[in-house]
2 protein chains.
Amino acid sequence: MTRDSKTARPDPDRDELAFLARYDAAEFPHPSLAVDVVLVTAHEGRLRALLVRRDEHPAKGRWALPGGFVRLDESLEEAAARVLREKAGLADVFVEQLFTFGAVDRDPRTRVITVAYYALVDHERLAAANPGSGDSLVAVLDVPWSGVAGGAVRAQRTGGESLALAFDHAIILGVAVERLRGKLDYAPIGFELLPAHFTLRQLQHVHETVLGHAVNKDSFRRRMLASGRVVATGQRERDASHRPAELYRFEPNETDGRTLTPPAARR
Amino acid sequence: MTRDSKTARPDPDRDELAFLARYDAAEFPHPSLAVDVVLVTAHEGRLRALLVRRDEHPAKGRWALPGGFVRLDESLEEAAARVLREKAGLADVFVEQLFTFGAVDRDPRTRVITVAYYALVDHERLAAANPGSGDSLVAVLDVPWSGVAGGAVRAQRTGGESLALAFDHAIILGVAVERLRGKLDYAPIGFELLPAHFTLRQLQHVHETVLGHAVNKDSFRRRMLASGRVVATGQRERDASHRPAELYRFEPNETDGRTLTPPAARR
DNA sequence: TGAATAGTGTCTATAAGACAATATCCC
DNA sequence: GGGATATTGTCTTATAGACACTATTCA
């Protein structure tokens, strides 16, 4: 790294340290910064997400994404993981940054910018960690558009009753679904919605649930097996009332394990 | 929207207004929130980006992405547009949110989270608006990885001299290049790096510059023409010392004009 | 044995890569 | 005409969709 010659000066380090000592972060007003997590799962052919009932103002009584304010000593990713731990009782799930929402009036309290994350977990794990208390539920997502058209997404109870969403969370849910649909075909994320061992039909069912339409069975099998990320375990399905299918597991590529999240931003 | 029955209470609106009147945003410490813009262009086979020399601490003398703190009365997109206007003299360019960087120690002053945007502009426009003063330059990007492997990106002067980058801006540049490469094949963004009228060869050259490798000419032409987004103008190239090529222009699809940015987040 | 789904093989349609042939401009 | 690139057409190859057929389990 060649330093630009114009920057040469007597004692840069001491100079900078002196500057930092004088710096006052409260000099001008700051917005509030939050993280919200779209914790997605798939069950019975429907996409679902964890919602939490707000018991305080603003939007008291409405349903919101689990979220919280970012602490000064934690990274954004740590904040998202903390929210998942505290509000969903989950650790070690797939989490990725979704989008940052910063409309001026998105929160009536004051200016709140939220960095949204989405997390993927198989339904059994989520149901075990969140046995549907009165304060939280796994809502069914009702996506009123097809493909990656985008737009707000509605939430309802399993019975079909609509849930009133807080703030711009219907929009955030929509962006999450859009992102999932867009990434599903080229990124190894379908597996994250299934247990460690799964059949190809289960995987296809998950893809169809995310995409919102049926996919071709033959080419789906071929693509999955050709990807090299789906390997047979030798075990077979148990309870089926028909020929049991082979159980597979997800085996990451060399190129996996990295996402758009740059390592330096993960800390 | 059916309201959950448990939320019923005497006068919800007045209740919420009273709450908001009491709310104190300064109750707990807030991080600083900035936007940084990766203003990308392509010229002479190289990807380039606008950098600004920092004349204040921290990182004084180093080269940084144009950026600024977000004001309480502007959206994130407005802040990015303002930065482009103030630091690059540009308006009405393609801008899209890239990623939000929030490592605890990414800025030595205090906790600063930055929402990074990338903007695309054709080189002539950028050169006209930014005639390379001492404080800013259009740096050449040296990408030390291929495909979408990701990682830090180096910056240099046109002559080849390395430029010391401030903060985590080498990482941000890397994420921008990774995103560009990932989106180029399915999103109409190559056009944004060219003037309104262009030849197919120019478009191919832009794609090759972004991707960092040669692409097949025949299939490139076919794909572009089949996309329906490239329409002939009837005009032809002028200065060429060979058979002049037809000039085309970009014609958005019905499905274009929308990005991952949800409309509600754009204000 | 029948119902139901798993898994295999083959044919066809489509898109990409390769390459040859012709067209059109400037010098 | 020669140099250079544009543009068109054809052939080959890889992949997705369609479909027929066999395999295996449980009831």
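Side notes on the structure shown:
- The range B:213-227, residues that are away from DNA strand D (no atom under 11 Å from the Cβ) and among the small types (Gly, Ala, Ser): B:ALA214, B:ALA226, B:SER227
- Subset tally (residues that are among the β-branched types (Val, Ile, Thr) and within 11 Å of DNA strand C (Cβ to nearest atom)) for the range B:209-243: 1
- Enumeration of residues in the range A:170-182 that are at pLDDT 95 or above and either within 10 Å of chain B (Cβ to nearest Cβ) or away from DNA strand D (no atom under 16 Å from the Cβ) (or both): A:ALA170, A:ILE171, A:ILE172, A:LEU173, A:GLY174, A:VAL175, A:ALA176, A:VAL177, A:GLU178, A:ARG179, A:LEU180
- Residue satisfying condition, being surrounded by fewer than 13 Cβ atoms within 10 Å (Cβ to Cβ) and either without any contact (Cβ under 8 Å) to a residue 40 or more places away in the chain or within 16 Å of DNA strand D (Cβ to nearest atom) (or both), within set B:THR233, B:THR209, B:THR199, B:THR158: B:THR233
- Any hit, the range B:27-49, residues being more than 8 Å from chain A (Cβ to nearest Cβ), under 26 Å from the mean Cα position of the chain (by Cα), in a loop (DSSP other than H, G, I, E, B) and modelled with pLDDT of 65 or more: yes
- Count of the range B:33-74 residues, restricted to those that are farther than 20 Å from B:LEU120 by Cα, out of contact with any strand residue (DSSP E or B) (no Cβ under 8 Å at 6 or more places or on another chain) and of a type outside the set (Lys, Arg), is 8.
- Every residue from the range A:244-253 that is more than 8 Å from DNA strand C (Cβ to nearest atom) and away from chain B (no Cβ under 14 Å): A:LEU247, A:TYR248, A:ARG249, A:PHE250, A:GLU251, A:PRO252
- Where B:ASP239 falls short, out of the listed (1) away from DNA strand D (no atom under 16 Å from the Cβ); (2) loosely packed, with under 13 Cβ neighbours inside 10 Å: (1)
- Residue check for A:LEU165: crowded, with 19+ Cβ neighbours inside 10 Å, at pLDDT 95 or above, assigned by TED's automatic domain parsing to the domain that holds A:LEU84 and touching a Leu at 6+ places or on another chain (Cβ under 6 Å): no
- Residue in the range B:181-191 that is more than 16 Å from the chain's Cα centre (by Cα), more than 25 Å from B:TYR117 (Cα to Cα) and not β-branched (Val, Ile, Thr) present: no
- For A:ALA119: the one exception among (1) in contact with a Lys or Arg (Cβ under 7 Å, 6 or more places away or on another chain); (2) closer than 19 Å to A:ARG46 by Cβ: (1)
- Look at (1) more than 27 Å from A:ALA187 (Cα to Cα); (2) assigned to a helix (DSSP H, G or I) and you find that A:ALA127 fails only one, number (1).
- Residue selected from the range B:65-86 under the condition hydrophobic (A, V, I, L, M, F, W, C) and within 12 Å of another protein chain (Cβ to nearest Cβ), by the criterion farthest from B:PRO31 (Cα to Cα): B:ALA80
- Qualifying position, being assigned to a helix (DSSP H, G or I) and under 11 Å from the mean Cα position of the chain (by Cα), among B:LEU98, B:LEU84: B:LEU84
The values are calculated or read from the model by the stated rules, or taken from the named source; none is laboratory data. Remember, predicted model here, so these are calculated numbers, not experimental data. Here Cβ is always computed from backbone atoms with ideal geometry, including for glycine, and neighbour counts include all displayed protein chains.
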